[in-house]
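The values are calculated or read from the model by the stated rules, or taken from the named source; none is laboratory data. Computed from a predicted structure; not experimentally measured. Neighbour counts run over all protein chains shown; Cβ positions are idealised from the backbone, glycine included. These accessible areas exclude ligands, DNA and RNA; they are computed on the full protein's heavy atoms, side chains included. Shrake-Rupley method; radii C 1.70, N 1.55, O 1.52, S 1.80 Å.
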Amino acid sequence: MLAKLAEGARWDIAIVGGGATGLGVALDAAVRGHRVALIEAEDFAKGTSSRATKLVHGGVRYLAQGDLALVREALAERRTLLANAPHLARPLQFVMPVYGARGRCFDKWFYGAGLVLYDMLAGRAGLGPTRFLNRAQTIEEVPGVRTEKLAGAVEYWDGQFDDARLALALARTAIAQGACVLNHCRASALLRENGKVAGVVATDTETDRHYEIRANCVINATGVWVDAVRRLDDPDEAPMVAPSQGVHLVVDRSFQPTDRAILVPGTTDGRVLFVVPWMGSTILGTTDTAREDLAIEPRPLAGEVEFILRESARYLQRAPKLADVRSIWVGLRPLVKPTRSGNVDTKRVSREHTVLVADSGLVTVTGGKWTTYRAMAEDVLDECAHAGLLDRRARGVTETLPLIGAPGREQYATPVSAMPGLHLYGTEAAAVSALPGADLELAPGLSEAMVRFAVRAEYARSVEDVLARRSRLLFLDARAALALARPVARILREELGAGFDADGSAAAFEQLAASYLPDIAPAR
């Protein structure tokens, strides 16, 4: 693919950013027949797109805001995502416990009525009916829930997925459709022709070689970092993103020993708390804290970890302690500031995402969520066509397109929380098993063959790429990931050759993994 860039051909679209949004646009555009090049400065889904709460959802909270159209769209996209990537996503039951005397039962019926409406808006895309549970049923279905003063619960359906591996599936599917998609290749400048943005200067971060990607349309899809790319176009641009961070803690499955998730709609300070089963562990989160900086590896702020542990203890029979935490990870949300400047035509496509087309022709998209990545991609390409940057082509081309590894549009697959590692490869499981080291387990759910496959087929270039995103071990158990840095580096050296700095890659990952451990003091 670097050779393709070196040819100097003109592209229809150049995309900066290899997260959910950029990869979704790349796939949709490639399927429509556009010539597409995408560059990502780090690794696919390195930022926000690998740090979600792992939920495919319609947005229950938007019901209270009366945004039924947004909820209906997200519910339809939820069903599409589950159908197109059944090896990476599955339906998930949520239980919303209600505590207190009889008077508090109003909460049960209030929330229940909203969730019944949620089912109605889903229509044929629904995953299962909402149910009202009494105390005994609640304890039976969620044995980890705190029973003191428990009055009952409401049970409803949403979905769950592996975010980083879905991003990888999007990248590989786009490549299969003819797109040129590169990680570890950053945008160092914008190209101009006749006063308009006409491409990107891409720098290979491994060799420092520069490539000119000339394109009819340049799309800035860098999430919380969109303002940095916008300032390559105009240094005086006012910021459009106000970042917010969400912290997640991972503990053992024994704290919630079931495949059902717990949702608390209102904590002591009005936030939402999730207790989510995921890949044999339990995710606790999240927070919503404004940040001024845009760290590539954000860390928890003072009090955020304590808040999650304290609130979890109010709803779990066994209260998690800091010593129980196996990994702490943080994602930054690109919250969009309502703005309109003189040189930008702003279109608020929905409350979830925003598309801007500058006078220079630079297209910026940010906001949104994983569930609606496909609909966002369609909106972006519509805006590009409306601005005259692309010819208009039919929408809906990815609606029934299975992603790499999917066996086809069939019924939902094995629960993610119970997946053995190979199930995440779907139809490619046999190819992984055929590689050397298939029987050599490095950690539960990770074999030597998987590491080799990560390099040969999944564009892994470092220990971090393997242990954070091809495998999710860093996010599940940072100490276990830390112990594997050197063994994985040795395998990567065999795959990538003598030019690969195995010691440097391992050392960099060891430093990163240490920051995910609970005994590291949080940032302040």
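Take the Cα of Thr400, go 7 Å toward its beta carbon, and none of the backbone nitrogen atoms of the range 26-46 fall under 15 Å from that spot.
In this rough spin-label picture, where each label sits 7 Å from Cα along the Cβ direction, the Arg456-Arg131 distance is 4.5 nm. Coordinate range of the alpha-carbon atoms in the range 53-157 per principal axis, descending: 42, 32, 23 Å. Divide the volume of the convex hull around the Cα atoms of the range 243-344 by the residue count and you get 135 Å³ per residue. Within the range 1-51, all pairs of alpha-carbon atoms sorted by distance into 5 Å bins from zero give the percentages 5, 21, 27, 24, 16, 7, 2, 0. Rolling a 1.4 Å probe over the heavy atoms of the protein chains gives the chain an accessible area of 38 Å² per residue.
Between Thr427 and Leu440, the contour length at 0.36 nm per residue exceeds the alpha carbon distance by 2.6 nm. Entry note, the chain: the mean residue ellipticity at 222 nm calculated from DSSP H runs of n ≥ 4, each adding -39500 (n - 2.57), is -9000 deg cm²/dmol after division by the residues and rounding to the nearest 500. Averaging the sequence gap over all C-alpha pairs within less than 8 Å and six or more residues apart, then dividing by the number of residues, gives the range 145-240 a relative contact order of 15 percent. For the range 235-290, a Kirkwood hydrodynamic radius built from all Cα pairs, placed in the Stokes-Einstein relation at 20 °C and 1.002 mPa s, yields a translational diffusion coefficient of 164 µm²/s. Cα convex hull, the range 121-248: 242 Å³ per residue, rounded to a whole number. Using the Stokes-Einstein relation with a Kirkwood hydrodynamic radius computed over Cα pairs, the translational diffusion coefficient of the chain at 10 °C and a viscosity of 1.306 mPa s comes to 67 µm²/s. Here the accessible area is traced with a 1.4 Å probe on the protein chains. For the chain, carbon and sulfur cover 52 percent of it.
Note on the range 269-310: Kirkwood radius taken over Cα pairs, Stokes-Einstein applied at 10 °C and 1.306 mPa s, translational D equal to 132 µm² s⁻¹.
Of the peptides 242-250, 24-32, 198-206, the order by per-residue mean of other Cβ atoms within 10 Å, starting with the highest, comes out as 24-32, 242-250, 198-206. So, R0 is 56 Å and r is the distance between the beta-carbons of Lys4 and Lys321; what FRET efficiency does that work out to, to 0.05? It comes to 0.60. Per-peptide packing, taken as the mean over residues of other Cβ atoms within 10 Å, places 139-150, 164-175 in the sequence 164-175, 139-150 from highest down. Averaging 1/r over every pair of different alpha carbons in the range 37-91 and inverting the result gives a Kirkwood radius of 13.2 Å.
Between the Cα long axis of helix 373-386 and the first principal axis of the chain there is an angle of about 40°, rounded to the nearest 10.
Each listed q (0.20, 0.24 Å⁻¹) maps to a log10 I(q)/I(0) for the range 190-283 from the Debye sum over equal C-alpha point scatterers, namely -0.99, -1.26. From the Cα gyration tensor of the range 85-139, with a ≥ b ≥ c the square roots of its eigenvalues, which class applies: rounded if a/c is under 1.5, or else prolate if a/b is larger than b/c, or else oblate? Note, shape of the range 85-139 comes out oblate.
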